[in-house]
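Accompanying notes for the structure given below.
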Amino acid sequence: MSRLLLKLCAGICLLSTRPVLMTAQERTYDENALRVEQHRGTISIVRGVSETVVVKVGAFRAVDVAGIVRPSPNAIAEAKRFEHDYRPGTWIASLGVATLGVAIGSYRIAGLNQALPTGLTIAGVSLITYGGWRLGNAYRALSKSVWWYNRDLKR
């Protein structure tokens with residue numbers, strides 16, 4: 001019974017997959033060009049006129065953008081910059097928001113030394129600013145990476 005179930009599961013997996021062309025040069029520019037779409041905090045990298053979503057970059061999810069733009073060395077370099085800055089920027093900005101929340105809450109505590117909420121506010125704003133700077137660098141690198149990839153495609 002278990003062998004039959006295993007064969008059934010393997011058959012379903014094989015039938016549910018579809019072949020994917022791996023190299024960018026086998027398809028036309030219109031079918032292979034990438035673009036970046038943002039919707040409600042999620043970044044999607046979309047391929048071609050068919051609008052196939054290649055990858056979704058979430059708030060705390062790491063992705064391999066360099067693997068998507070592989071044929072272009074300039075695009076790979078920019079994708080590595082994106083991967084280097086995106087995740088730390090998200091975590092640092094989130095930590096800053098949490099710290100700012102604690103600072104606002106500590107202002108409401110009567111009899112608390114006011115140096116603590118002030119220090120927490122400064123730390124929170126600093127973390128948000130630094131995290132935002134890293135995220136800005138990451139978004140610019142992602143845009144450049146997609147641009148380099150599209151530029152290097154055969155027309």
(message) Take Glu83 and tell me if it is out of contact with any strand residue (DSSP E or B) (no Cβ under 9 Å at 6 or more places or on another chain) and either without any contact (Cβ under 8 Å) to a residue 60 or more places away in the chain or more than 15 Å from Asp152 (Cα to Cα) (or both).
(response) yes
(request) Consider Asn113 carefully, then state whether it is farther than 22 Å from Gln38 by Cα, over 12 Å from the mean Cα position of the chain (by Cα), touching a residue at least 60 places away in the same chain (Cβ under 8 Å) and surrounded by fewer than 17 Cβ atoms within 10 Å (Cβ to Cβ). (result) no
(message) Would you confirm, using the coordinates I've provided, whether Thr90 is more than 20 Å from Tyr29 (Cα to Cα) and not basic (Lys, Arg)?
(response) yes
(message) Looking only at residues that are within 20 Å of Ser72 (Cβ to Cβ) and of a type in the set (D, E, K, R) in the stretch 128-155, which one is surrounded by the fewest Cβ atoms within 10 Å (Cβ to Cβ)?
(response) Arg155
(message) Cys13 - would you say it is part of a helix (DSSP H, G or I), loosely packed, with under 10 Cβ neighbours inside 10 Å and modelled with pLDDT under 55?
(response) yes
(request) For the stretch 137-148, state whether one or more residues are without any contact (Cβ under 8 Å) to a residue 12 or more places away in the chain and more than 26 Å from Tyr29 (Cβ to Cβ). (result) no
(request) Scan (1) surrounded by 20 or more Cβ atoms within 10 Å (Cβ to Cβ); (2) under 23 Å from Val49 (Cα atoms) for the single condition Asp85 breaks and write down its number. (result) (2)
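The values are calculated or read from the model by the stated rules, or taken from the named source; none is laboratory data. Computed from a predicted structure; not experimentally measured. Positions of Cβ are generated from backbone atoms using ideal geometry, with glycine treated the same way; all protein chains shown enter the neighbour counts.
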